[in-house]
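Chemist: Below is one structure. I have some questions about it.
Just so it is clear, none of the values below were taken in a lab; they were calculated from the coordinates. Model, not experiment: these values are computed from the prediction. For neighbour counting, all protein chains shown are included, and Cβ atoms are generated from backbone atoms with ideal geometry for every residue, glycine included.
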Amino acid sequence: MIPMQYTTPTERFHVSSYGNGWAYEIVCQTTGDSLWFQDHDADTVRSDTADFTNEDAINSYFELLCE
């Protein structure tokens with residue numbers, strides 16, 4: 001399966017979408033840290049981040065999950 005890939009508006013985060021949004025991998029371009037979400041969690045993160053356009057919301061996930 002080839003993921004759809006794109007970056008957020010300021011290119012701070014790289015997003016890969018798998019299975020038409022079934023799963024997402026988000027990589028911080030600054031630190032190299034990555035997060036993986038699938039199923040209902042994928043829907044939640046997409047909604048919480050306004051389709052990955054709200055970088056502050058994405059950063060909040062990294063702050064909470066990568067410490």
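Chemist: Restricting things to alpha carbons, find the Rg to Rh ratio for the stretch 4-65 using the Kirkwood radius for Rh.
Modeler: 0.91
Chemist: Per-residue ellipticity at 222 nm for the chain, helices alone: DSSP H runs ≥ 4 residues times -39500 (n - 2.57), over residue total, nearest 500 deg cm²/dmol?
Modeler: Result for the chain: -9000 deg cm²/dmol, rounded to the nearest 500.
Chemist: Given labels modelled 7 Å from the Cα in the Cβ direction, how far is it in nm from Asp43 to Leu65?
Modeler: 1.7
Chemist: Compute, for the chain, the length of the dipole vector about the Cα centre, with Cβ point charges of +1 (Lys, Arg) and -1 (Asp, Glu) only. Units Debye, rounded to 20.
Modeler: 220
Chemist: As I understand it, the dipole of the chain uses +1 on the Cβ of Lys and Arg and -1 on the Cβ of Asp and Glu, about the Cα centre. Which of Trp36, Ala23, Gln5 lies farthest toward its positive end?
Modeler: Of the options given, the answer is Gln5.
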